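Notes to accompany the following structure.
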């Protein structure tokens, strides 16, 4: 499996993060830091699943639902804000891409997948790992890229 599309999607997200200028969100909203922390946490989960597939594990899973606001807040604090998170995202995304490049035919391995992206995408079933990675490239990363852009473009709440 080739990671070219995945690398391109990350380039877009990282360029947006590096552009900066994000406005704060209202109470309970996800600011740029939490969005990037979410992507870092997701990369770790996807890397773990990819490693399990590469190792030939009889059961591999990917469950994004296990990442909650307290974990994201701790990650933000631990990285010291957006610059540290951007550095970490560069690292976690490179690691995931390198693992994906090694998949080859193992990319078709079914992986128990639990994923919810708003109301548009809800998965709770085994999927070929290549399909989950494709959803990450075509749905997940673009969705968060759009959120980052909106944090820059929207007028600040009164």
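The values are calculated or read from the model by the stated rules, or taken from the named source; none is laboratory data. Please read these numbers as outputs of a predicted model, since none were measured by experiment. We place every Cβ from the backbone using ideal geometry, glycine too, and count neighbours over all the protein chains shown.
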Enumerate the pairs (first residue in segment 71-99 and in contact (Cβ under 8 Å) with a residue 12 or more places away in the chain and at positive phi; second residue anywhere and part of a helix (DSSP H, G or I) and crowded, with 19+ Cβ neighbours inside 10 Å) with beta-carbon separation below 7 Å, excluding pairs fewer than 6 apart on the same chain, so at least 6 apart or on different chains. 81/33
Among the residues of segment 5-51, write down those that are more than 16 Å from residue 142 (Cβ to Cβ), assigned to a helix (DSSP H, G or I) and without any contact (Cβ under 8 Å) to a residue 40 or more places away in the chain. 41, 45, 48
Take the conditions closer than 21 Å to residue 128 by Cα and loosely packed, with under 13 Cβ neighbours inside 10 Å and apply them to residue 4. Does it pass? yes
Answer yes or no: is there a residue in segment 147-157 that is in a helix (DSSP H, G or I), surrounded by 15 or more Cβ atoms within 10 Å (Cβ to Cβ), at pLDDT below 95 and within 17 Å of the chain's Cα centre (by Cα). yes
Of 53, 122, the only residue that is surrounded by 19 or more Cβ atoms within 10 Å (Cβ to Cβ) and in contact with a strand residue (DSSP E or B) (Cβ under 7 Å, 6 or more places away or on another chain) is 53
